[in-house]
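A.B. asks: This is the structure, below, for whatever I ask next.
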Amino acid sequence: MTARTLFEKVWDAHVVAPESTDTPAVLYVDLHLVHEVTSPQAFSELRQRGLTLRRPDRTLATLDHSTPTLPTGADGVRPYTNAAAKAQVEQLEANCAEFGVTLHGWDSDQRGIVHVIGPELGATQPGMTIVCGDSHTSTHGAFGALAFGIGTTEVGHVLATQCLLQRKPKTLAIHVDGKLAPGVGAKDLILHIIGSIGVDGGTGYVLEYRGPTIEALSMEERMTVCNMSIEAGARAGLIAPDETTFAWLKGRPMAPQGADWDAAVARWRALRSDEGASYDREVHFDASKIGPTVTYGTHPGMASALSATLPEPTNAQERRARDYMHYEPGQSMEGMAVDVVFIGSCTNSRLPDLREAASVLRGRHVAEGVRMLVVPGSEAVRRDAEREGLHQVFLDAGAEWRVPGCSMCIAMNGDLAQPGQLVVSTSNRNFEGRQGKGARTVLASPATAAASAVAGVVADPRVYLTEAAA
Amino acid sequence: MKPITRLQSRTAVLTDENIDTDRIIPARFLTTTVREGLGKLCFNDWRYQSDGSDNPAFPLNQPQSQGCEILVAGRNFGCGSSREHAPWALLDYGIKAVLCSEIADIFRNNALKNGLLAIVIAEAQHRWLLDNPGVELTIDVQAQTITLPDGSNVAFTLEPFARHCLLNGVDQLGFLLQHTDAIGQFEKQEKAA
């Protein structure tokens, strides 16, 4: 039998009708995640056509993008940023009730960012196909699932048929070797990779992250890496499931139990690229050479080492980015004045991310004039963090401790930065205006973001981590 | 979707590379629950000044860009999010085709499903079109050619099914629903396994 890649194994197992020259494959979807922003028009389409939801049991919804991260007031009113945001949330509540979709809404103790709760619930499993009207669906690839973002028309296709029309993408192997240095983590690694292959380096490909460095990552770190595959243009990024994956999933509410669990793990062990399987393209990285990495420009491919000298712009886009970000060629990002620090998003809002930020902030205070927001990824993360007292570390440091949601990553719920403000953010996009009109975003790890909050300027976290350890 | 066989228009040009979906339609406008009416928000933060008036520096605000239905944009147009609001906004704004040497995957899929001709062309021709705004082009979806003002033709390739759907106004959900039996069969086998 021909040697196959992990991606090919997952793809092959979900083909309902094979692709031909004339038509794409009909690909079966195991899990469809839904949120309020990209689904209303799809539910309307079903209603207009008199169609039903094919698999309510394979559809899971949550509220995350338009939701306020401030708690309900004493008057019992939820502080939505505007009437449209409230109406959008209520529309999803109504759609889920009408079509029979399980919704982790306001009354659920499992509500959270869609890409945080899928894995947390054990809904995300190795070998699955997972889609959502959200480009960061690539996150779930950390479990060896083929997971990718789709548009609203396709959301309608999946609601009605549990299938998508898809052309098979190409494969790109990203081999990572070498040990990450202390204070350098998964976020630095993926920013370095995107900075190297470029913001469109993965366009048309499914990525497979592999090698000893990847195998040594925790599940949360793997999610951070896979989450940002789309920032290199790749719709999906996968990591082969292993003992780390199985241990993380075991016992989660939607994971198989008992004998079913053992059978599932036996099946999942086959989900790795065969010896000699070929990729359309391969690239190699040495993780030991990577330091704290941040973005300096206006897309995630404009990333460099924190201390590296920034290049002189050589084209119109780089000049525009320099003018927007106000960075100085010949200097580094280190030391640039900070206005806001955001810890959160589907990239970096899980418990270990919050621990990493707290380890820098413990016993320290956010610098004068800096606003810091910490937004846990889910109600479960919030509970766990509060049990450990992490929220107290943040509050004592002068940061705001919020209710779970996407918050300032996409800035559509009222959490946003003002024009010209510089935000050091653990999120995934530094596009112009992403965090508020005219706001300037520097993407960074939780440690770098926390260090920057304390220093009041973009700062190297290793100084603080060393001091904390001493 | 109405069939689209041919589009004739002058071009408007945005030379910037990597024009992302947040620039096409900022996220704060995504609280809508309908597809309609997004044209006025297209390129919002680029197109308007802070007082709400048109930004004269935005190329599509310039007189020669008015009425242009073909947008030639810098490489990697539509990168970023999966929001279908991006093609909805462009179409409502009056853009019917985007020509580029590279177009982000999800945006391209979304665009073609809505009848927005997202067409990848070779770098040399892309360069020429970026350097020559306002030229009259004819896009022939059937022949997969773009006719330049001098009468010469530039070939392009659309994914065959997307092209078939554009030409015939095929409803893709309707096409998928024809596979209902096969989908049921797949589910049955999966359950047995």
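The values are calculated or read from the model by the stated rules, or taken from the named source; none is laboratory data. Keep in mind it's a predicted model, so treat the numbers as computed, not measured. Reconstructed Cβ throughout: ideal geometry from the backbone, glycine too, with neighbour counts over all protein chains shown. Heavy atoms of the whole protein, side chains included, go into the accessibility calculation; ligands, DNA and RNA do not. Shrake-Rupley method; radii C 1.70, N 1.55, O 1.52, S 1.80 Å.
A.B. asks: In percent, how large is the relative contact order of the range A:293-469, given Cα pairs closer than 8 Å and 6 or more residues apart?
C.D. replies: 28 percent.
A.B. asks: I would also like to ask the following. Calculate the mean, over all residues of peptide B:174-182, of how many other protein chain Cβ atoms lie within 10 angstrom of the residue's Cβ.
C.D. replies: Mean shielding count: 5.
A.B. asks: Considering only C-alpha atoms, what is the centroid distance from the range A:269-332 to the range A:184-219, in Å?
C.D. replies: Their Cα centres are 10 Å away from one another.
A.B. asks: Running Debye on the range B:44-84 with equal point scatterers at the Cα sites and no solvent, what base-10 log of I(q)/I(0) appears at q = 0.20, 0.23, 0.24, 0.30 Å⁻¹?
C.D. replies: The computed values of log10 I(q)/I(0) come out as -0.82, -0.95, -0.98, -1.03.
A.B. asks: Evaluate peptide A:150-163: per residue, the Cβ atoms of other protein chains within 10 Å of its Cβ; return the mean as an integer.
C.D. replies: So the per-residue partner count for this stretch is 6.
A.B. asks: In a Debye calculation with equal point scatterers on the alpha-carbon sites of the range A:159-245 and no solvent, what is log10 I(q)/I(0) at q = 0.16, 0.19, 0.24, 0.25 Å⁻¹?
C.D. replies: -0.64, -0.85, -1.21, -1.28
A.B. asks: Hey, what does the equivalent ellipsoid look like for the range A:293-469, semi-axes from the Cα gyration tensor as sqrt of 5 times each eigenvalue, largest first, whole Å?
C.D. replies: Taking √(5λ) for each Cα gyration eigenvalue gives 26, 18, 13 Å.
A.B. asks: Now a separate question. Go through A:103-115, A:267-279, A:373-385 and give me the packing order, highest mean Cβ count within 10 Å leading.
C.D. replies: The most tightly packed comes first, giving A:373-385, A:103-115, A:267-279.
A.B. asks: Looking only at the range A:54-82, which residues have a backbone nitrogen under 11 Å from a spot 7 Å from the Cα of residue A:90 in the C-beta direction?
C.D. replies: Label zone hits: none.
A.B. asks: With a/c under 1.5 counting as rounded, go ahead and sort chain B into rounded, prolate or oblate using the C-alpha gyration tensor (a ≥ b ≥ c being the square roots of the eigenvalues; past the cut-off, prolate if a/b is larger than b/c, else oblate).
C.D. replies: Cα axes put chain B in the oblate bin.
A.B. asks: Counting only the backbone N, which residues of the range A:184-221 are under 11 Å from the spot 7 Å out from the Cα of residue A:384 toward its beta-carbon?
C.D. replies: Under cut-off, by backbone N: A:219-221.
A.B. asks: Could you tell me how many degrees, from 0 to 90 and to the nearest 10, lie between the Cα long axis of helix B:180-192 and the main elongation axis, the longest principal axis, of the Cα atoms of chain B?
C.D. replies: Between helix and principal axis, roughly 60 degrees.
A.B. asks: Put A:57, B:22 in order of accessible area, largest first, 1.4 Å probe: what do you get?
C.D. replies: From most accessible down to least: A:57, B:22.
A.B. asks: Now for a separate question. Which three numbers, in whole Å and largest first, are the semi-axes of the equivalent ellipsoid of the range A:95-230 derived from its Cα gyration tensor as √(5λ)?
C.D. replies: Taking √(5λ) for each eigenvalue gives 29, 19, 12 Å, largest first.
A.B. asks: Continuing with this model, one more query. Per residue of A:227-240, how many C-beta atoms from partner chains lie within 10 Å of its own C-beta, taken as a mean?
C.D. replies: Mean shielding count: 2.
A.B. asks: Using a Förster distance of 45 angstrom, determine the FRET efficiency expected from the C-beta separation of residue A:181 and residue B:122, and round it to 0.05.
C.D. replies: It comes out at approximately 0.55.
A.B. asks: Rounded to the nearest 500, what is chain A's calculated 222 nm mean residue ellipticity when only DSSP H runs of at least 4 contribute -39500 (n - 2.57) each, over all residues?
C.D. replies: Taken over chain A, the calculation gives -9500 deg cm²/dmol.
A.B. asks: Can I ask one more? Can you pull a Stokes-Einstein diffusion coefficient for the range B:26-130 at 4 °C (1.567 mPa s), Rh from Kirkwood over Cα pairs, as a whole number of µm²/s?
C.D. replies: Roughly 90 µm²/s, to the nearest whole number.
A.B. asks: Here is a further query. Tell me the Rg and the Dmax, in Å, that the Cα atoms of chain A produce.
C.D. replies: So, for chain A, Rg and Dmax equal 21.5, 66 Å respectively.
A.B. asks: Report the paramagnetic label zone for residue A:13: residues of the range A:24-51 whose backbone N is under 17 Å from a point 7 Å from Cα along the Cα-to-Cβ axis.
C.D. replies: A:27-32
A.B. asks: Could you compute Rg(Cα) / (2.2 N^0.38 Å) for the range A:360-447, with N its residue count?
C.D. replies: Computed over Cα atoms of the range A:360-447, the ratio equals 1.09.
A.B. asks: Classify the range B:58-104 from the C-alpha gyration tensor, please: rounded if a/c falls under 1.5, else prolate or oblate depending on whether a/b exceeds b/c.
C.D. replies: Here the range B:58-104 falls in the oblate category.
A.B. asks: Taking the Cβ-Cβ separation of residue A:170 and residue A:400 as r and a Förster radius of 51 Å, what is the calculated FRET efficiency to the nearest 0.05?
C.D. replies: In this case the efficiency is close to 0.70.
A.B. asks: Let me ask something additional. Using only the Cα atoms of the range A:1-144, build the gyration tensor, take square roots of its eigenvalues as a ≥ b ≥ c, and label the shape rounded, prolate or oblate: rounded if a/c is under 1.5, else prolate if a/b is larger than b/c, else oblate.
C.D. replies: Prolate, since a/c reaches 1.5 and a/b exceeds b/c.
A.B. asks: Which of the lysines could a cross-linker bridge to residue A:289, judged by Cα under 25 Å and excluding same-chain residues fewer than eight apart?
C.D. replies: Within the straight-line cut-off, residue A:289 pairs with A:179, A:187.
A.B. asks: Another question, if that's okay. Output the relative contact order of chain B, whole-number percent, from Cα pairs under 8 angstrom with separation of 6+ residues.
C.D. replies: Normalised by residue count, the contact order of chain B is 27 percent.
A.B. asks: Highest mean first, how do A:398-404, A:452-458 rank when packing is the count of other Cβ atoms within 10 Å averaged over residues?
C.D. replies: Highest mean packing first, the order is A:452-458, A:398-404.
A.B. asks: Over the range B:84-123, what portion of Cα pair distances is larger than 12 Å, expressed as a whole percent?
C.D. replies: 52 percent
A.B. asks: Something else now. Would you work out the relative contact order for chain A, in percent, from Cα pairs under 8 angstrom that are 6 or more residues apart?
C.D. replies: 17 percent
A.B. asks: At a probe radius of 1.4 Å, what is the per-residue accessible area of residue A:75, in Å² to the nearest 10?
C.D. replies: Result for residue A:75: roughly 120 Å² accessible.
A.B. asks: Listed highest first by mean packing, meaning other Cβ atoms within 10 Å per residue, what order do A:231-239, A:289-297 come in?
C.D. replies: Answer by packing, highest mean first, reads A:231-239, A:289-297.
A.B. asks: Further question: I want to check the label-to-label distance for residue A:316 and residue B:66. Put each point 7 Å from Cα in the C-beta direction and report it in nm to one decimal.
C.D. replies: 2.3 nm
A.B. asks: Whose amide H sits under 5 Å from the amide H of residue A:149, counting only residues 5 or more places off or on another chain, with H placed in the peptide plane?
C.D. replies: Amide H to amide H, under 5 Å and 5 or more residues apart or across chains, residue A:149 pairs with A:137, A:138.
A.B. asks: Quantify how much of the Cα-Cα distance distribution of the range A:219-326 extends past 19 Å, in percent.
C.D. replies: 65 percent
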